Ligand SMILES: [Zn+2]
């Protein structure tokens, strides 16, 4: 069974054809999908979706790109939501210095709040690190004994990758962009033991080849897995089996 650990189902591209998208996923061998929220509105949508569809699970959090206008006090509205059914993790949280560098301190404060909450609720954290991977690793390392972390859509350098791989509780995942011709992620994939990798799509973004340019969906995760298998010089099924085991370690609640 393949698990797509990262698909944003509240975008109309996926939501409007959810029956078909889930059907395609199942046909491709995807058995479970985690939907990370990015703000309070998507938290509500995600909770509704996971109550309606067996194969969907929730991660709840506030994306660094969506907190600029929020008061820090509002963060605590997240906590009661974690007690809802099928909440498998916290996220998507993290740091994003790509779009706007004017509120990095506020991003760090919110990220720290997520890490604290994850350690009090024993939930794994899904971390976004666009142009911020070094700071995000520094902060997560402070919690390395208390939480499991997924550095999603990983795109640091090999030194940064090694700082993540050194920690038992830390994992990475790669998106469809590793299948692009100009991708410099091949060397990262090469240096990541499969045991430390989870599968994800980041749907509806970053569709892998040969779907590049289209809206991504969980079924396309097989194309990313195929590329990983090629880089690792092994067969797809053994990649799928190892990733499933790691997913059980990081997101045990989706197997209950
Ligand atoms: Zn995402």
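If you go through region 72-86 one residue at a time, do you hit one that is within 16 Å of the ligand (Cβ to nearest atom) and at pLDDT 95 or above?
Here is the first cut: in region 72-86, the residues within 16 Å of the ligand (Cβ to nearest atom) are none.
Looking for residues that are within 16 Å of the ligand (Cβ to nearest atom) and at pLDDT 95 or above, one finds none in region 72-86, hence no.
Would you pick out the residues in region 33-55 that are in contact (Cβ under 8 Å) with a residue 40 or more places away in the chain and within 15 Å of the ligand (Cβ to nearest atom)?
Selection gives 33, 34, 36, 37, 38.
May I ask you to verify whether residue 231 is touching a residue at least 12 places away in the same chain (Cβ under 8 Å), out of contact with any strand residue (DSSP E or B) (no Cβ under 8 Å at 6 or more places or on another chain), crowded, with 16+ Cβ neighbours inside 10 Å and assigned to a helix (DSSP H, G or I)? Before the answer, list the steps.
Values: touching a residue at least 12 places away in the same chain (Cβ under 8 Å): yes; out of contact with any strand residue (DSSP E or B) (no Cβ under 8 Å at 6 or more places or on another chain): yes; crowded, with 16+ Cβ neighbours inside 10 Å: yes; assigned to a helix (DSSP H, G or I): yes.
Considered against the rule, which asks whether it is touching a residue at least 12 places away in the same chain (Cβ under 8 Å), out of contact with any strand residue (DSSP E or B) (no Cβ under 8 Å at 6 or more places or on another chain), crowded, with 16+ Cβ neighbours inside 10 Å and assigned to a helix (DSSP H, G or I), residue 231 comes out as yes.
Quickly run through region 144-159 and pick out the residues that are modelled with pLDDT of 95 or more and buried (at least 19 other Cβ atoms within 10 Å of the Cβ).
If the condition is that a residue be modelled with pLDDT of 95 or more and buried (at least 19 other Cβ atoms within 10 Å of the Cβ), then 147, 148, 149, 150, 151, 152, 153, 154 are the ones that fit.
Of everything in region 195-212 that's away from the ligand (no atom under 15 Å from the Cβ) and under 14 Å from residue 154 (Cα atoms), which residue is surrounded by the most Cβ atoms within 10 Å (Cβ to Cβ)? Please lay out each step first, then the result.
First, the residues of region 195-212 that are away from the ligand (no atom under 15 Å from the Cβ): 195-197, 208-212.
Filter once more, so that each one left must be under 14 Å from residue 154 (Cα atoms): 196-197.
Values: 196: 20, 197: 23.
Only one residue fits best here, namely 197.
Does residue 174 meet the test of being within 15 Å of the ligand (Cβ to nearest atom) and at pLDDT 95 or above?
The answer is yes for residue 174.
Please enumerate the residues belonging to region 176-194 that are touching a helix residue (DSSP H, G or I) at 6+ places or on another chain (Cβ under 7 Å), buried (at least 17 other Cβ atoms within 10 Å of the Cβ) and in contact (Cβ under 8 Å) with a residue 24 or more places away in the chain.
176, 178, 179, 185, 188, 189, 192, 194
Here are some conditions: (1) closer than 24 Å to residue 61 by Cα; (2) touching a helix residue (DSSP H, G or I) at 6+ places or on another chain (Cβ under 8 Å); (3) away from the ligand (no atom under 16 Å from the Cβ). Residue 163 meets all but one. Which one does it not meet?
The failed condition is (1).
Considering (1) crowded, with 19+ Cβ neighbours inside 10 Å; (2) in contact with a helix residue (DSSP H, G or I) (Cβ under 9 Å, 6 or more places away or on another chain); (3) under 27 Å from residue 115 (Cα atoms), say which one residue 251 fails and leave the rest.
For residue 251, the exception is condition (2).
Tell me whether region 205-220 contains one or more residues that are within 18 Å of residue 55 (Cβ to Cβ), at pLDDT below 95 and over 15 Å from the mean Cα position of the chain (by Cα). Spell out how you get there, then give the answer.
Quick first cut of region 205-220, residues within 18 Å of residue 55 (Cβ to Cβ) only: 216-220.
With the extra rule that they be at pLDDT below 95, the set shrinks to none.
So far as region 205-220 goes, no, none of its residues is within 18 Å of residue 55 (Cβ to Cβ), at pLDDT below 95 and over 15 Å from the mean Cα position of the chain (by Cα).
The values are calculated or read from the model by the stated rules, or taken from the named source; none is laboratory data. Owing to the predicted nature of the structure, the values given are computational and were not obtained by experimental measurement. A quick note on method: Cβ atoms are made from the backbone with ideal geometry, for glycine too, and the neighbour counts reach across all protein chains shown.
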